[in-house]
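Engineer: Mind looking over this structure? Questions follow.
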Amino acid sequence: MKTTITSLLLVSALLIPMAGFAADGDSVSTKVSDSVITTKVKAEFAKDKLVSATALKVETDSHGMVEISGTAKSKAEAEKAVSLAKNVKGVTSVKDKIIIAQ
């Protein structure tokens with residue numbers, strides 16, 4: 001009996017995050033897909049010598065639209081970040097909200 005209650009509590013605790021995803025209106029698979037795209041874009045930033053992966057924030061919506069925000073050191077860095085994001089598989093469009101440092 002004690003084992004059954006413990007098991008039920010554990011399963012419930014593991015399912016709570018999934019309920020949170022469902023409450024946002026998107027399915028769990030959509031959330032995973034969004035985070036995969038975000039991770040791929042950030043990986044491209046990390047591989048590039050011009051783009052700072054830590055200074056730029058990447059968010060992906062359920063339609064593959066990527067929004068990049070944060071501060072770039074130059075216009076060239078901002079343009080390169082947008083270009084890298086556009087070339088990631090699954091990205092449908094890129095919204096550039098990058099601020100250029102003065």
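The values are calculated or read from the model by the stated rules, or taken from the named source; none is laboratory data. A quick note: this is a predicted structure, and the numbers were derived from the prediction, not measured. Backbone-built Cβ (ideal geometry, glycine too); neighbour counts: all protein chains shown.
Engineer: Taking the criterion of being part of a strand (DSSP E or B), within 16 Å of Ser33 (Cα to Cα) and of a type in the set (Gly, Ala, Ser), would at least one residue in segment 61-80 satisfy it?
Structural biologist: So far as segment 61-80 goes, no, none of its residues is part of a strand (DSSP E or B), within 16 Å of Ser33 (Cα to Cα) and of a type in the set (Gly, Ala, Ser).
Engineer: May I pose another question? Of the residues Thr39, Thr54, which is loosely packed, with under 11 Cβ neighbours inside 10 Å, at pLDDT 85 or above, at negative phi and not small (Gly, Ala, Ser)?
Structural biologist: Thr54
Engineer: Looking only at segment 61-96, filter to residues that are loosely packed, with under 12 Cβ neighbours inside 10 Å and of a type outside the set (S, T, N, Q); which one of those is modelled with the highest pLDDT?
Structural biologist: Lys75
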